[in-house]
Amino acid sequence: MQDTLSPKSPDIFITECPRDAMQGFKNVIPTSQKIDYLNQLLKVGYDTLDAGSFVSHTSVPQLADTEDVLSKLEDSKGTKISVIVGGMRGAMQAANHERVDILGFPFSISENFQIRNTRKGRIDALKVIDDIQNLCVAKGKICTVYISMAFGNPYTEAYSDDLVLDYIDTISKNGISRFLISDTIGVGTPEQIHSLFTKCFSAFPNFQFSAHFHNPVDKSYDKLKAAWEAGCRHFDTAIKGIGGCPFATDELIGNMPTEQIINFMAIEKINNPLNLHHFQVAYNKAKDIFLF
């Protein structure tokens with residue numbers, strides 16, 4: 001897949017994250033219901049659909065059927081399909097799947113969280129990222145890297161803007177230019193968010209930086225505004241803010257709600273690329289799945 005933006009690209013690019021919503025959900029969601037839900041989401045007009053994961057079935061049993069689910073997706077109509085991988089075994093499965101466009105790998109500023117999340121430390125994770133990138137180049141896929149715990153962590157480990165920039169620089173040496181700046185536990189302030197994104201775009205002006213925020217609903221607007229004003233145009237969301245990382249803390253911190261970014265676009269007079277009728281249908285399906 002050619003990793004370029006059309007001259008007629010929208011003002012904002014939204015990734016819907018049902019994978020992030022489902023991964024920590026305790027009730028088993030039937031495969032047929034997942035397929036129906038994702039097919040409805042494909043009608044909404046998202047830039048990307050974060051649709052599943054190729055990781056240990058023991059670690060994330062909810063998404064053990066990702067390969068089957070992806071095989072039954074309808075025409076994506078321009079929406080890219082993204083999945084998470086935790087190592088080369090999953091990366092090989094994902095890269096060989098015809099419906100997968102993007103392989104995402106979670107790299108953490110926190111060594112503790114890196115081990116909890118991928119069962120390997122940061123040094124080994126950097127080697128895996130290089131291998132995944134080489135695989136993606138060979139298979140015509142896109143490799144993207146989540147920079148987890150970018151705004152702090154619960155383990156009292158060091159973090160800073162400079163540390164994030166250093167790791168981005170290291171990871172990018174093999175040609176990776178797409179990064180998701182992740183507030184994994186929802187501690188980033190608007191000031192921190194504006195500072196980090198500003199520095200990212202200044203240091204790497206040709207890279208794509210996305211905002212992957214976990215946060216309480218009442219913090220949504222300020223965090224979106226801070227990232228937007230720093231130049232961010234790519235945002236991850238999940239309907240109703242459901243989900244979060246099950247490996248971060250005992251209690252899941254919700255994702256950025258899709259409804260909040262729709263409100264943000266309306267308030268800021270940003271062109272909304274989503275089909276709101278199909279979004280409402282998807283929202284209603286989500287209520288049946290997640291029982292909110």
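The strands (runs of 3 or more DSSP E) falling completely within the stretch 1-90 that include 1 or more residues that are closer than 25 Å to Val128 by Cβ and among the aromatic types (Phe, Trp, Tyr) map to 48-54.
Within the stretch 49-81, the residues that satisfy the criterion of being surrounded by fewer than 23 Cβ atoms within 10 Å (Cβ to Cβ), out of contact with any Phe, Trp or Tyr (no Cβ under 7 Å at 6 or more places or on another chain) and among the hydroxyl-bearing types (Ser, Thr, Tyr) are Ser56, Thr58, Ser59, Ser71, Ser76.
Which count do you get for residues in the stretch 239-280 that are of a type in the set (Val, Ile, Thr), surrounded by 14 or more Cβ atoms within 10 Å (Cβ to Cβ) and at pLDDT 95 or above?
5
Suppose the filter is under 18 Å from Asp288 (Cβ atoms), of a type in the set (A, V, I, L, M), modelled with pLDDT of 95 or more and touching a Lys or Arg at 6+ places or on another chain (Cβ under 8 Å); does Val69 pass it? Yes: the conditions hold for Val69. Suppose the filter is in contact (Cβ under 8 Å) with a residue 24 or more places away in the chain and assigned to a loop (DSSP other than H, G, I, E, B); does Ala211 pass it? Answer is no for this residue.
Candidates are the residues of the stretch 281-292 that are assigned to a helix (DSSP H, G or I) and not small (Gly, Ala, Ser); the one that is surrounded by the most Cβ atoms within 10 Å (Cβ to Cβ) is Ile289.
Screening Ser110 on (1) crowded, with 22+ Cβ neighbours inside 10 Å; (2) under 22 Å from Pro205 (Cα atoms); (3) among the small types (Gly, Ala, Ser) shows it passes everything except condition (2).
Each residue in the stretch 200-227 was checked for being surrounded by fewer than 21 Cβ atoms within 10 Å (Cβ to Cβ), closer than 15 Å to Ser182 by Cα and either modelled with pLDDT of 95 or more or among the polar types (S, T, N, Q) (or both), and 1 of them qualify. Taking each residue of the stretch 22-44 that is polar (S, T, N, Q) and looking for partners that are surrounded by fewer than 22 Cβ atoms within 10 Å (Cβ to Cβ) and part of a loop (DSSP other than H, G, I, E, B) with beta-carbon atoms closer than 6 Å, six or more apart or interchain, yields Gln23/Val60; Thr31/Asp65; Asn39/Glu74. Close Cβ contacts (under 6 Å, 6 or more residues apart or on different chains) running from residues in the stretch 180-200 that are among the aromatic types (Phe, Trp, Tyr) to residues that are surrounded by 23 or more Cβ atoms within 10 Å (Cβ to Cβ) and at pLDDT 95 or above comprise Phe197/Ala227; Phe197/Cys232.
The values are calculated or read from the model by the stated rules, or taken from the named source; none is laboratory data. On a predicted model such as this, the values are computed, not experimentally measured, just so you know. Counting neighbours? That spans all protein chains shown, and the Cβs are built from the backbone with ideal geometry, glycine included.
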